[in-house]
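Before any comments, here is the structure.
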Amino acid sequence: MRNENTHPSDQELLMRADGELPRGAVAAVDAHLTACWNCRARMAEVEAKIAEFVRVRREGLDPTLPPSAGSRAMLAAQMAELSKAAPRRMRWKTASFFADWRFTAACAVAVVLLAVALAGLKRENQVAVASAYGAELPDRRLTPGATRQVAIGEICAVNHEDVVSLVPDTVRHEVFQEYGIRNAPADKYEVDYLIAPGLGGAEDIRNLWPEPRFDATWSSFVKDQLEEYLHESVCGGKLSLQTAQNDEARDWIAAYQKYFHTREPLAGDSKASAQRAAWILEPWASVLKL
Amino acid sequence: MAITPAISIGELALRAASAHESVPERPEIEREVIELFDQNRNSLLRYALSFGLPAHDGEEVAQETFLALFRHLQMGKSRKNLRGWIFRVAHNLALRKRECNQRAAAQTESHENRAVELIDPGLNPEERVLFSQRQQRLMAIVQALPEQDRCCLDLRAEGLRYREIAAVLGMSLGAVSMSLSRSLARLIVEEQR
């Protein structure tokens with residue numbers, strides 16, 4: 001058993017500070033710490049180093065953490081999608097349960113009823129699948145974003161709008177298929193580039209997704225505002241092309257909120273609104289940590 | 001021959017319902033995952049970033065981890081120590097992601113540039129300036145620690161208890177305690193030099 005006159009090791013001091021010391025040893029270490037200035041100073045040194053490490057680590061990492069709202073929404077959408085794709089199987093407690101003929105008969109009746117119900121619900125189901133994919137952010141597994149080799153001079157030689165190219169019908173069809181969308185109204189989605197061509201985005205299925213056009217807060221029109229702003233910022237030397245591409249691919253809604261200093265999409269003329277917001281907030285950005 | 005006792009339809013339904021209770025309904029699982037996301041997302045992300053990953057890769061690791069958690073719960077698997085579980089998954093994903101990045105970087109970047117990335121993950125030039133020399137030195141010492149020691153330190157900084165760290169990294173409790181103590185002693189000694 002530990003003697004209270006014995007100096008605790010560094011490991012024991014840390015375990016005491018972390019509340020990880022075995023219950024029987026706590027009293028002796030505490031009694032020793034009360035009596036010994038040296039060990040109290042060592043303990044304080046350990047605690048101070050822990051505090052410094054935690055502070056430095058947070059200061060280094062926290063500014064790099066992207067906002068969680070976009071990821072949270074994406075996670076919820078992905079879970080809903082996964083649930084639809086693979087409905088949860090019911091677990092049964094005993095094998096004998098399956099052996100019971102009544103259960104088997106009940107299952108057979110249920111299967112027939114289910115088949116009838118499914119046939120009737122087929123159309124509604126297709127619409128439901130389509131609406132599940134009407135997400136404001138793309139599924140990152142299907143649309144991580146893809147770029148082509150471009151020079152800044154090349155993309156800045158023309159206006160952002162002039163770089164936008166129409167997606168061929170065959171590719172549009174592929175994108176809808178990939179997202180499991182069937183029978184969606186023609187004007188419901190815009191097959192849009194995740195990274196805009198004006199920012200070096202490639203015409204690649206990994207860079208295209210069905211974006212809601214009208215019935216969404218964060219519609220394709222809002223994304224256009226962001227792209228216009230990013231294009232001007234890159235060409236104006238305020239932003240690197242890589243940052244613009246990353247921001248758009250990672251979470252375009254979060255990027256919009258960051259650059260336009262707003263939680264909600266701005267109404268009206270995008271360029272004027274963004275410039276106004278940036279002009280008003282720029283001097284305060286560093287103070288407010290925007 | 002043993003006779004199977006007769007079971008009424010009511011009993012069948014009751015059995016089905018009781019079997020159902022062991023795995024919560026889907027919306028309940030989704031709510032639970034979102035709750036765990038809210039509680040742990042930033043910690044998990046910081047831990048992933050401590051592997052030297054860029055922010056978007058770290059975010060991908062966190063996202064994949066919570067999706068894996070969803071599948072784990074959906075399949076009715078163990079709910080014991082879920083925080084430890086998600087950190088273990090994130091640890092493995094972050095290692096894999098870093099390996100991929102390093103392979104890609106080996107083709108395009110010099111070794112020197114990569115070393116800087118590892119010391120100073122995801123900081124832009126402005127943030128690098130703000131990061132004082134002393135802070136940089138401390139983080140450089142941490143990055144130079146053996147990988148397992150650094151992981152112990154980062155996990156502890158995210159609030160994991162020794163038994164949780166042991167489970168994440170597949171170590172014994174004693175080894176976790178020794179590792180943390182050794183790393184802190186190293187930080188103290190290096191600073192005094």
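Under the rule a/c < 1.5 gives rounded, and otherwise a/b versus b/c splits prolate from oblate, where does segment A:3-53 land using the Cα gyration tensor?
Note, shape of segment A:3-53 comes out oblate.
Can you put A:30, B:154, A:169 in order of Cβ neighbours within 10 angstrom, beginning with the fewest?
A:169, A:30, B:154
Alpha carbons only, please: Rg and Dmax for segment A:218-263, in angstrom.
My reading of the Cα-based Rg and Dmax gives 9.7, 28 Å.
Name the residues whose placed amide hydrogens come within less than 5 Å of the amide hydrogen of residue A:193, ignoring near sequence neighbours (fewer than 5 apart) on the same chain.
none
Got a sec? How would A:26, A:175 order by Cβ neighbour count within 10 Å, fewest to most?
In order of increasing Cβ crowding within 10 Å: A:26, A:175.
Between residue A:84 and residue A:177, what is the label-to-label distance in nm when each label sits 7 Å out along the Cα-to-Cβ direction?
1.9 nm
Taking the number of other C-beta atoms within 10 Å as the exposure measure, put A:221, A:260, B:87 in order starting with the fewest.
On the way: A:221 14, A:260 22, B:87 27.
Going from least to most buried by this count: A:221, A:260, B:87.
Evaluate E = 1/(1 + (r/R0)^6) for residue B:190 and residue A:141, where r is the Cβ-Cβ distance and R0 equals 30 Å; express this FRET efficiency to the nearest 0.05.
Working: r = 42 Å, r/R0 = 1.42.
Once the sixth-power term is evaluated, E becomes 0.10.
For the residue pair residue B:71 and residue B:175, what label-to-label distance in nm results when each label sits 7 Å from Cα along the Cα-to-beta-carbon direction?
2.7 nm
Between residue A:9 and residue A:26, what length comes free when the chain is fully extended (0.36 nm per residue of separation minus the Cα-Cα distance, one decimal in nm)?
4.8 nm
Using θ = phi - 60° and the Karplus curve 6.51 cos²θ - 1.76 cosθ + 1.60, what whole-Hz ³J(HN,Hα) does each residue of segment B:64-79 get, with Gly and Pro shown as x?
5, 5, 5, 5, 5, 4, 4, 5, 4, 6, 4, 7, x, 7, 4, 9
Lys and Arg at +1, Asp and Glu at -1: add these up for the other residues within a Cβ distance under 10 Å of residue B:85 and post the number.
Net of charged neighbours comes to +4.
The numbers here are math on the coordinates, done by the rules we state, and not lab data. As the structure is a prediction and not an experimental result, all values here were calculated from the model. Cβ coordinates were reconstructed from backbone atoms using ideal geometry, including for glycine residues, and neighbour counts include every protein chain displayed.
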